[in-house]
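All of the numbers you see were taken from the coordinates with simple rules; none came from a lab. Since this is a predicted model, take the numbers as computed values, not measurements. Neighbour counts are summed over all protein chains in view; Cβ atoms, including those assigned to glycine, are modelled from backbone coordinates with ideal geometry.
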Amino acid sequence: KDIDAPNIPKATPTLPDAQTVTEVEHYTDRLFRFRCTRPPSLRFRSGEFVMIGLMGDPDPETGKQKPLLRAYSIASPSWDDELEFYSIKVPDGALTSRLQHIVPGDEIILRPKPVGTLVHDALIPGKRIWFFATGTGIAPFASLLRDPQTYADYDEVILTHTCRELGELTYGAKLVEDIRKDELLAELIGEGFAGKLRYYPTTTREQSAKMGRITDLMRSGEVFTDLGVAPLCPESDRAMVCGNLAFNLEIKEMLEGYGLTEGANSKPAEYVVEKAFLD
Ligand code: A2P
């Protein structure tokens, strides 16, 4: 019988640009983080994104499989041996409905071509930098906040993070806690670096210490009173924005209202914007 139905393992297709998952952590039914190996040749600037994904289902007619890729901000700093990503889980999302089930040892596809606008090179020098994030939009800032250049370039670094629920703030809260204790950053920038980092988390659909959308809290002036800083101005403030589309458009208009001009890699200015990954 064994000879009639030999147990020959199916040939597993070798993934192009394959990297191995090393760690997975789930935060809520909508959010998770994972780490994977880093291609030795991959160099990137903090805040950039790459295309990552999995092999798609076979085409019903040809049987051929194509990679299913999406843009993901690299959440780990450029000095890290591994790469970290922070992802949403969408039940019927083409990629994340499957990606959410990865476990250590699995392979993902990673195209080693980093790009993006949320980079220090796209901003002109200033005194204070604001990182405005909603939801998974915190990912590029998780990289930038662990980059010594962020503290070397600015006197003050303010991270605002607006989420629907408290559980969605866990990743950012832990990140800030870890950074404040980071010995390497303290050694590179000086013990006082932790005092430069301000964290302003808010929720919109669950009770927390600070409720409301960051845009509304800026319009009312509450955020400036809470932090004891003046409203943004083009002389001293720089901003990076990453969140859902409606948020990006609204805050962009507000930043223009404060007199800030949008920058780019080719033409650095006072603020930059990028869309957070949504499946
Ligand atoms: P709200 O709950 O009031 O919609 P999402 O998970 O849908 O991407 O949203 C993440 C967070 O961004 C939520 O707290 C949401 O608030 C907030 N948000 C959505 N649109 C805007 C906007 N135009 N300006 C500011 N915050 C927004």
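A few points about this structure:
- The chain: angle of helix 245-257 to the longest principal axis, Cα-based, in degrees nearest 10: 20 degrees
- Computed over the range 71-144, the P(r) curve from all C-alpha pair distances, binned at 5 Å from the origin, holds 3, 12, 20, 24, 20, 11, 5, 4, 2 percent per bin.
- On Cα atoms only, tilt of 170-180 relative to the major axis of the chain in degrees: 60 degrees
- Eligible aspartates and glutamates near K210 by straight Cα distance, threshold 19 Å, same-chain separation 8 or greater: E165, E168, E177, E222, D226
- For the range 147-201, alpha-carbon Rg over 2.2 N^0.38 Å: 1.19
- Semi-axes of the equivalent ellipsoid of the chain are 37, 20, 18 Å, computed as sqrt(5λ) over the eigenvalues of the C-alpha gyration tensor in descending order.
- 24 Å Cα-Cα reach of K64 towards lysines, excluding residues that sit fewer than 8 places from it in its own chain: K10
- Normalised by 2.2 N^0.38 Å, with N the number of residues, the alpha-carbon radius of gyration of the range 18-115 equals 1.08.
- For the pair the range 81-113 / the range 137-187, the C-alpha centres are spaced 22 Å from each other.
- By the count of other C-beta atoms within 10 Å, a proxy for reagent exposure, K275, K127 are ordered fewest to most as K127, K275.
- Overall Cα dimensions of the range 113-173 - principal axes, largest extent first, Å: 35, 31, 16
- Cα convex hull of the range 120-275, projected area averaged across orientations, nm²: 8.5 nm²
- Within the chain, helix-based [θ] at 222 nm, where runs of 4 or more DSSP H residues each add -39,500 (n - 2.57), nearest 500: -5500 deg cm²/dmol
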